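What follows draws every value from the coordinates through simple rules; no lab data is involved. Just so it is clear, the model here is predicted, and its values are computed rather than measured. Every residue, glycine among them, receives a Cβ derived from its backbone with ideal geometry; neighbour counts consider all protein chains shown.
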Amino acid sequence: MTIERIALFTALELAERNADPDNPRVQGIANSQGERIGHILLSHEDGFDIIIIGASSMDNCGWTEMLGVLDYSVKPLGAMGGIWEDALLLRTPAVHRPRLLPFFHDLVSRVSPSSVRESTWAIVDEWSELFNRIGSPLSIMEQRGLFGELLVLEKLVDTYGDQSVSWWVGPKAERHDFISDTWEIEVKSSIHLDPVAHIHPIDQLEPTALPLHLIMVGLDSSGSTSLSELVMRIEGLIDETASLALFRDLLGAVGFNVDEAHHYPTKYDASSIGYLSVDSSTPILRPSSISPGTVYEDVRWTLRKSSLPFIDVTESYWPYLGGL
């Protein structure tokens, strides 16, 4: 069973918009083929995103802390009966939705209807490190990833103005980090001399209707600019109050807090920036390149910059995007 990550994010947003404190509601969700997933429902209550899984075969219990910001309960789901007599409910604060979306996606994709408790607990255990980090400063890998995206955003704002802030959609759980009306960009950052990109989900580099560029940012960790300093530099380029507010909201969505600058002392410089135009002829791993009938659940793979003909990004690259 596959489900688009952005579809799940949108469904959680919809559940929040439709939430009624006086009349709790649930809603279904469909997989990427448009088929309803029969054993999973979504809800929203009191600022929490709630994933509901049927037929848990567990004893009823109220909300119980499970791991960090994750709570669970077991109860009948109204008068729905059937598999919903012992539904397992998992809830997390909606404010953490962007950071927890990979967990939600993995859970919805992999939980087994025939062994709900065992498979759910196993999946939660696999994501325990993420839950332990929620509310904590960004990990070093998250910092590097964010630094690379912000370097790209800085160039876009400098070239196209405030409108480009809305193109930064990675924090909203879109498949790619930047999407405009005419192109899409995925950014990967690495401190390796030969930069390495870790690709996940497997369809992240599936060609899209719009031109898709993969930008690889090589970082020098003994550079001149901290993450907080880069954020301040971008804020200085933004003119409109609404765009500045959007930028800060997006930073918050990825877990960056300007009041925690002391947690991010490492200074970076871009040692290299290259781009690769990705289309159906690009020899990389993606669902469309896998033989029909191949069985797999989840794939993570690594791409080295030297393995494909990346083109150096120069100052002319940014206005070039406007002509795509």
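What to note about this one:
- Each of Ser280 and Glu235 was given a label point 7 Å from its Cα along the Cα-to-Cβ line. The distance between the two points is 4.7 nm.
- In the chain, the calculated helix contribution to ellipticity at 222 nm averages -9000 deg cm²/dmol per residue, counting -39,500 (n - 2.57) for every DSSP H run with n ≥ 4.
- Mean separation of Cα contacts under 8 Å, 6 or more apart, over the residue count of the chain: relative contact order %: 15
- Computed from Cα atoms, the angle from the helix 97-110 axis to the main principal axis of the chain rounds to 60 degrees.
- Note on the range 152-218 and the range 261-280: Cα centroid distance 11 Å, given to the nearest whole angstrom.
- The stretch between Glu85 and Ser271 holds 61.2 nm of extra length on full extension. This uses 0.36 nm per residue minus the Cα-Cα distance.
- Backbone HN-Hα couplings from phi across the range 273-278 [Karplus 6.51/-1.76/1.60, Hz, Gly and Pro as x]: 9, x, 10, 10, 7, 9
- Modelled FRET efficiency - R0 35 Å, Ser166 with Ser136, Cβ distances, 0.05 increments: 0.75
- In terms of its alpha-carbon gyration tensor, the range 5-133 comes out rounded; the largest-to-smallest axis ratio a/c stays below the 1.5 threshold.
- Local electrostatic count, Pro211, Cβ distance below 11 Å [Lys/Arg +1, Asp/Glu -1]: -2
- Count of lysine pairs in the chain with Cα separation under 24 Å (8 or more residues apart, or interchain): 8
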